[in-house]
1. Scan around Leu132 for amide H atoms under 5 Å from its own, H built in the peptide plane at 1.01 Å from N, and keep only partners 5 or more places away or cross-chain.
2. Residues in the range 247-281, backbone N under 14 Å from the label point at Asn289 (7 Å along the Cα-to-beta-carbon vector): list them, ranges by number please.
3. Lys106: which aspartates and glutamates have alpha carbons under 18 Å from its alpha carbon, excluding same-chain residues fewer than 8 sequence positions away?
4. Taking the Cα centre of the chain as origin, sum charge times position over the Cβ atoms of Lys and Arg (+1) and Asp and Glu (-1), and report the length of that vector in debye to the nearest 20.
5. Can you list residues from other chains, or at least 5 along the same chain, whose modelled amide H is less than 5 Å from the amide H of Thr137?
6. For Ser412, list long-range residues whose amide hydrogen, built 1.01 Å from N in the peptide plane, is under 5 Å from its own amide hydrogen.
7. Find the percent of Cα-Cα distances in the chain that exceed 29 Å, and round it to a whole number.
8. In Å, what is the Rg of the alpha-carbon atoms in the range 370-424, and how long is Dmax?
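A short reminder: the numbers here are calculations on the coordinates, not readings from a lab. Only a predicted model underlies this, so the values are computations on that prediction, with no experimental measurement involved. Cβ sites come from the backbone with ideal geometry, for glycine too, and all protein chains shown count toward neighbours.
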Amino acid sequence: MRLKKEAAKWFAVLLLLSVCALSYVIYYAVYMSKQKEAQGGETTPDTFSPAPVVSELPRYATAFENLIIQHTGGSGDDTHLATHFIAGKFYTLTLGGSNDYDFEGKGIYLSVFDSSKLNSVIKVGGDSEIYLNSKITGEGIAVATKNGDKALLRIVEYTLTVTPAIEMDLDNLKMYLDQNMLFIYGSKQSRLHLYVYGGKTVSEIDCIPTPEPTTIIEIFKNSSGIYAIVGGSQIGYVYCYSDRLNLVAKIPSVVISVAVNSDGQICLLCKDSSGISLNVVNSSGQIGNKPLDGGSVGRLFKTQTGFLAVTDAAVHYLDSKFSLITSIEMSMTFDKITGALDGKGQMILLFTDTAKKITYIKRLNSYSKLNDIGVISTSSGNINLYLSGEELNIFFTSDINDGIYSGNFGGSDVYFINILPSLT
């Protein structure tokens, strides 16, 4: 009798399990049928997606002969925007296109390097934001971006806390720090605006109509006021604010570089269909114009005794009043140039040929000769050069993944290369 009861019990259990299994089979068949109808095609099983690789920081530099090499990025395309140096640290802004290693999706990031390692990385701006400008301040790194039809200003404090974004109705802008006041010139359609940031807020000082939509090229302050050099389609404009905004000068060519001397005179390196020229302006307007050469690319640099105008046709030596002293012919193919004075007072120049993805590092010695230092592989993005004594610190973007770039995580990364004195 007991055995019959035990058998009946186990039969009930097996029957229940069979019903459950059959119910699941029916449910799964109905569910997959509905999924197929909803997708309009065959169903496929889920695929396994591994978790993104996340970097462990700090990450120490790699030595390669007389180079110290660091980088930041991920497996996507990441582009150098700007680097600032203060108190022994380099603050590098990157347009991130990666979702692994140092970055967590598209956006604008700030990476903090010192001479031996990458210390930290934080996200500053969202994936839809466009970088506009950045500046060192007493509070931290001021970072301006654009999102839709608004400009956004944030301060990345030195504790790496990012302040809430402040909106401004601007299309583009440049910033200038004067003591603790951050002045911001920006344009929107055909109006020029001047703002000031202080005490965690932004206030508009003045605005003025412009003859056409403009882009801010450079801003600075001298004894006459706060200046903005802005560019139209084929015309350069010089504006100054003292008690109100005024148009000081109009230059009928494209402004490509700006320099200011100790007397407050402004030198504009300009180009038009005939070549490159110098235009000198003071607070009263334009006071001089001199054609230089038939080049198309160039930049002004301050030296110990005056200024240099370096173009793709010649090197022009200028005195402290922007008068031409002498010119040395030079023929180089480049579309970007940056430079800085080394500890010997000689100019280190970086010439970038974007089409060939290459940048030539050269020294302009006292005999007006360009001596080769080296070559780096560069792709899109900006290049920054900082000199510490005889050491060169260069920040750039590269999509190469072998040799000194073998640490590349994929796509393009942002590199920090320190070139030691024995190579320079």
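1. It is Ala144, Thr145, Lys146, by chain and number.
2. Flagged as within label range: 249-255, 268-281.
3. Asp77, Asp78, Asp127, Glu129, Asp399, Asp413
4. Numbers: 34 positive and 41 negative charges, 152 e Å.
It works out to roughly 740 debye.
5. Sorted by chain and number, the residues that satisfy this are Ala142.
6. Placed amide hydrogens put Asp77, Asp78 under 5 Å from Ser412.
7. Working: 50255 of 89676 pairs.
Of all Cα-Cα pairs in the chain, 56 percent lie more than 29 Å apart.
8. 11.8, 35
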